[in-house]
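Contents: one structure, followed by commentary.
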Amino acid sequence: MEHQLISAIETALGWSGAEGLGKGFVRGRLTGPELLHRILTPNRLLDIAMRRSLNRPQFRVFREGEEVHPAIYFTDSVSPRGQSIPMVNMHSLGRLLGEGATIILDQANVFDPTLEVACRALQWWSHERVQVNAYLTTNEASGFPLHWDDHDVVIVQLAGDKEWEVRGASRPVPMYRDADPNNTPSEEIIWAGVMKTGDVMHIPRGHWHQATRNGQGTGKSLHVTFGITKRTGASWLAWLGDWCRENEIFRHDLDRSHGAAPQALTDAAVRLIGERSPADFLAAYEQAMPLPRHVPFLDILGPLDAVVCTTQFPPEIREDGQTVDILASGKKLTFTAKALPAVRLLLSGKPVPLNTASAVVGAEVAEVAEVLVGEEMCAPLTPELSSGYTGLVTNAVS
């Protein structure tokens, strides 16, 4: 899937793929204000907050460096039958923002199709899970104090400006679950300055950082943070721990009378490590990811006229001359070799209008599309979902 945001990030950071993730701090600048507006605007973020029932910790407000109690900006919308739904009180939220505050929406990709598609494209690009958080800061509000993240982040400044300080790591590649709490910030300042509209930076896991608008006067800042959680050696070993249960020797009780584990157990562990490599784990990880949510196809609501592949990662396509196998999210589908052009088109990650696709890859594309939609590897391209691709991802037959 070719997404304009990814191309712009690669150009800005001097990357030619996802290999730079986690390798070091780097900054750059995106070109073209129209791309920034397509990703997210302050008013669109506020519209999301207004129209959805959100709860802490997914939606939070900070003022003067402290979290505001939800009771101040949440209220219950009560129906005539007495049903109560928590909603953001937009009047109270507006007052807080007018005084100077920061609002944070975690996993904004769950609520907005443009951010959903951007995260999916970044997942196909990086082969890792991605989520995006949105941060809107007004006037002289401060953000989080100095902290580090247990994942790599790509930060895009969409509107306004914000002052940042980025420091080195005080512990190499720290983890959320670790042997060291890693509470002492590094004194090495890698970069300090102001992120302006269009700026982008990559902060590797473990690097301390903070952002604020203190002393900047009236104004605003909107940025999104794409969190990219890469697999580690510890992830591989945890996966091996699940596989070991297949072998009887690992299911036996440990013999306390002999102290250390018997040699046979150690030998079995060595064989398991040799049989299931880190590469095997990474491939299995992609296949283990569940299929994402999407609007189901119901023919009573209308014909299937356009589809798009919505798997978490690019489906694997295997050819053997006679058949074509598709593997994604733990599923395996088999088509005849004749369907290969249609399969490749439909699983490209780009929107596919079926009426024009048939002229490109043959009339069987409609039948293949119905199968892929039925197995939930593809989803109907509703107008709402289509809006997440428009202007950012070209359709597959354009």
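Taken together, the values in this text are just the output of simple stated rules run on the coordinates, not laboratory data. All values derive from a computational prediction rather than experimental measurement. As a convention, Cβ positions derive from the backbone with ideal geometry for all residues, glycine included, and neighbour counts pool all protein chains shown.
Using a 10 Å cut-off around each Cβ, can you sort 309, 244 from fewest to most neighbouring Cβ atoms? Present the calculation step by step, with values, prior to reporting the outcome.
On the way: 309 23, 244 16.
Ranking 309, 244 by Cβ neighbours within 10 Å, fewest first, gives 244, 309.
To the nearest 500 deg cm²/dmol, what mean residue ellipticity at 222 nm is calculated for the chain from DSSP H runs of n ≥ 4 alone, each contributing -39,500 (n - 2.57), summed and divided by the residues?
Working: 13 runs with 120 residues, N = 398.
After summing the helix terms and dividing by residue count, I get -8500 deg cm²/dmol.
Mind ranking 345-355, 320-330 by how tightly packed they are, going by the mean number of other C-beta atoms within 10 angstrom, highest first? It would help to have the intermediate numbers written out before the result.
Working: 345-355: 20.6, 320-330: 15.1.
Per-residue Cβ counts within 10 Å, averaged per peptide and sorted highest first, yield 345-355, 320-330.
In µm²/s, what is D for the stretch 233-288 at 4 °C and 1.567 mPa s, where D = kT/(6 pi eta Rh) by Stokes-Einstein and Rh is the Kirkwood radius from Cα pairs? Could you put the intermediate results ahead of the total?
Details: Rh = 12.4 Å.
Using the Kirkwood radius from Cα pairs, D works out to 105 µm²/s.
With a cap of 16 neighbouring Cβ atoms within 10 Å, and only residues DSSP puts in a loop, list the trypsin sites (Lys or Arg not before Pro) found in the stretch 115-177. Mind showing how you got there, number by number?
Values: sites: 120, 129, 162, 167, 177; in loops: 177.
Counting only loop positions with at most 16 other Cβ atoms within 10 Å, the trypsin sites (Lys or Arg not before Pro) in the stretch 115-177 are 177.
Taking the convex hull of the Cα atoms, report for the chain its projected area averaged over all directions, in nm².
Working: hull surface 105.4 nm².
The directionally averaged projection comes out at 26.3 nm².
For residue 79, project a label point 7 Å along Cα to C-beta. Then give me every residue of the stretch 34-51 with its amide nitrogen under 19 Å of that point.
Under cut-off, by backbone N: 51.
Under 17 Å from a point placed 7 Å out from the Cα of residue 248 along the Cα-to-Cβ direction: which residues of the stretch 268-296 have their backbone N that close?
So the set is 268-269.
If R₀ is 51 angstrom, what is the calculated FRET efficiency for the pair residue 327 and residue 140, using the beta carbon separation as r and rounding to 0.05?
0.45
Can you check what the Kirkwood hydrodynamic radius comes to for the stretch 310-398, Cα pairs only, in Å to one decimal?
Values: mean 1/r = 0.0749 Å⁻¹.
One decimal place: 13.4 Å for the Kirkwood radius.
Rg(Cα) of the stretch 4-229 divided by 2.2 N^0.38 Å? Write down the numbers at each step before the final one.
Details: Rg = 17.8 Å, N = 226, 2.2 N^0.38 = 17.3 Å.
Relative to the 2.2 N^0.38 Å estimate, the stretch 4-229 comes out at 1.03.
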